[in-house]
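Novice: Please read through the structure below; I'll follow up with questions.
The values are calculated or read from the model by the stated rules, or taken from the named source; none is laboratory data. Worth saying up front: this structure is predicted, and the values here are computed from it rather than measured. Ideal geometry is used to build each Cβ from the backbone, glycine not excepted, and the neighbour counts take in all protein chains shown. Ligands, DNA and RNA are excluded from the accessible area calculation, which covers all protein heavy atoms including side chains. Shrake-Rupley method; radii C 1.70, N 1.55, O 1.52, S 1.80 Å.
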Amino acid sequence: MGWLNIARLTAPLLLGGVFVHGLAPSARAAEALTLSLGGYIHQYFFVASQDNLVGEDINPSGMFGDTRLTFRGRTTLDNGIVVRAYVRVFAEANSQPNADEVYVEVASSLGRLRIGEKAGVNTSTIGDPAPQAFLTVYDEVVGDALISRTGVTLSDAFTFRRFTGNALGISYQAPEVFGVKLGVSYHPAVNRNEGPINNSTKANNAVDFTAGYEGYYPGGSYRLLAGYFHSDSSALENDGAQAWNISAGLTYGGWELAGAYMNADIDGQPRERAWTIGALYGIGPLQLSADFRTSKRSRYAGAASHERAGRATLQTAYKLGPGISVGLAGFYAKQKDSAGASWGGGGVLGGIKVGF
């Protein structure tokens, strides 16, 4: 994403005299505080055919839009510490503007500390669990184009963002040493509560740990990551949610192959197991990808069958210029509900993405 520099502000009064005084008494801003504005506009149109319930009349076509603005401030202190402030807000005309991510980051040779509203280190480290040519993990528009017939989720099904979203929290990432990455996040509440909460009514005290390794070989790279998540229950039990996941990826030339698996045990719900795998090839401004994802819930008492959802997607994207790309995706999904009934659906989605 490109950044438009809109202001340079002197920072000794704020950063040198107040905020950083607790970090190092002699620390002062070595450069002016830079304020930048960015964002993106994503627009999608789809046509889909899917099984209907009796009495339903689902429109086969529809649109999605995602517009966000980002504001970022940055300065480097004379002791080498980098301080960043980041705000991303929803800016669609048809919705109430609301903050998406708001956090402050302090980076030094000792690691990276983030405080505020942001997904934990598991999500930021894994990124896209499977490579996609046009869409990303934040663009779950293919799943939204099809009516859900089960309690199974394929959105955020492979990282711990599923449990906390961008709830207020603190995360720390240690410096990378010989390709090894370590990080931990803590969220007092698993939603956007501010201040104290009643633990008997809300899940709380969410912690995730993530470790990974990234290496290189002639022509490419490889990575392997694993994480563990735990939160306390709102029912005064020991566990609100427990989950672990793994992610692996390999690149060579213009090729990328990656996948992920997550096993989740959520308080009061059947255990879920989800996995995904995908491959991508890029040459110049053109990218092509194919991926498959599936999730299965254990059968609960009284159900005739377990629930399952799976989806295959083919994508292509073409970069028209800096920050501008167009893409096309074909998809097919199959669902199985707790009564044992199967639901099918598929379609085509196209769109344009503009980042600035």
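Novice: If each DSSP helix of 4+ residues adds -39,500 (n - 2.57) and the sum is divided by the residues in the chain, what number results at 222 nm, nearest 500 deg cm²/dmol?
Specialist: Helix contribution divided over all residues of the chain: -500 deg cm²/dmol.
Novice: Related question: Rank these by accessible area, largest first, 1.4 Å probe: Trp244, Trp343, Trp255.
Specialist: Sorted descending by solvent-accessible area, the residues read Trp255, Trp244, Trp343.
Novice: Would you list which lysines come within 26 Å of Lys334, measuring only between C-alpha atoms, while excluding same-chain residues fewer than 8 positions from it?
Specialist: Those lysines meeting the cut-off are Lys296.
Novice: Share of region 135-255's accessible area from carbon and sulfur, percent, 1.4 Å?
Specialist: It is 61 percent, rounded to a whole number.
Novice: Please give the charge dipole size of the chain, origin at the Cα centre, charges +1 on K and R Cβ atoms and -1 on D and E Cβ atoms. Round to the nearest 20 debye.
Specialist: Details: 29 positive and 30 negative charges, 92 e Å.
I would put it at about 440 debye.
Novice: I would also like to ask the following. With no solvent and one point per C-alpha, what does the Debye sum give as log10 I(q)/I(0) for region 70-119 at q = 0.15 Å⁻¹?
Specialist: -0.47
Novice: If each of Glu92 and Asn59 carries a label point 7 Å out from its Cα toward its Cβ, how far apart are those two points in nm?
Specialist: About 1.3 nm, to one decimal.
Novice: Shifting gears a bit: Residue by residue through region 285-291, which ³J(HN,Hα) values in whole Hz follow from phi under the Karplus form 6.51 cos²θ - 1.76 cosθ + 1.60 (θ = phi - 60°), with glycine and proline marked x?
Specialist: Result, ordered by residue: x, 9, 10, 10, 8, 9, 8 Hz.
Novice: Accessible surface of Leu314 in the full protein assembly, 1.4 angstrom probe, to the nearest 10 Å²?
Specialist: We get 110 Å² for Leu314.
Novice: I want to check the label-to-label distance for Thr316 and Ile352. Put each point 7 Å from Cα in the C-beta direction and report it in nm to one decimal.
Specialist: 1.9 nm
Novice: Turning to a different aspect of this structure: For the residue pair Ala339 and Leu224, what label-to-label distance in nm results when each label sits 7 Å from Cα along the Cα-to-beta-carbon direction?
Specialist: Rounded to a tenth, the inter-label distance reads 4.6 nm.
Novice: Just to be sure I follow: if Rg is taken over the C-alpha atoms of region 90-170 and Rh is the Kirkwood radius over the same atoms, what is Rg/Rh?
Specialist: Rounded to two decimals, Rg over Rh is 1.02.
Novice: From the backbone phi of region 131-140, what are the Karplus-calculated ³J(HN,Hα) couplings (6.51 cos²θ - 1.76 cosθ + 1.60, θ = phi - 60°) in whole Hz, Gly and Pro given as x?
Specialist: Taking θ as phi minus 60°, the curve returns x, 10, 6, 10, 8, 9, 4, 7, 9, 8 Hz for region 131-140.
Novice: For q = 0.08, 0.09, 0.10, 0.16 Å⁻¹, what log10 I(q)/I(0) does the chain give under the Debye formula with an equal point scatterer on each alpha carbon and no solvent?
Specialist: -0.46, -0.59, -0.73, -1.67
Novice: How large is the Kirkwood hydrodynamic radius of region 296-347, in angstrom, based on all distinct alpha carbon pairs?
Specialist: Its Kirkwood hydrodynamic radius stands at 13.4 Å.
Novice: By the gyration tensor of its Cα atoms, with a ≥ b ≥ c the square roots of the eigenvalues, what is the shape of region 127-282: rounded for a/c under 1.5, prolate for a/b over b/c, or oblate?
Specialist: Oblate.
Novice: Another question, if that's okay. Karplus couplings for region 208-225 from phi (6.51 cos²θ - 1.76 cosθ + 1.60, θ = phi - 60°), rounded to Hz, Gly and Pro as x?
Specialist: So the J values, rounded to whole Hz, are 10, 10, 9, 9, x, 9, 10, x, 10, 9, x, x, x, 8, 8, 8, 8, 10.
Novice: Of Val142, Trp244, Ala174, which is farthest towards the positive pole of the chain's charge dipole, taken about the Cα centre with +1 and -1 on the beta-carbons of Lys, Arg and Asp, Glu respectively?
Specialist: Ala174
Novice: With a ≥ b ≥ c taken as the square roots of the eigenvalues of the C-alpha gyration tensor of region 257-356, please select rounded if a/c is under 1.5 and otherwise prolate if a/b is larger than b/c or oblate if it is not?
Specialist: prolate
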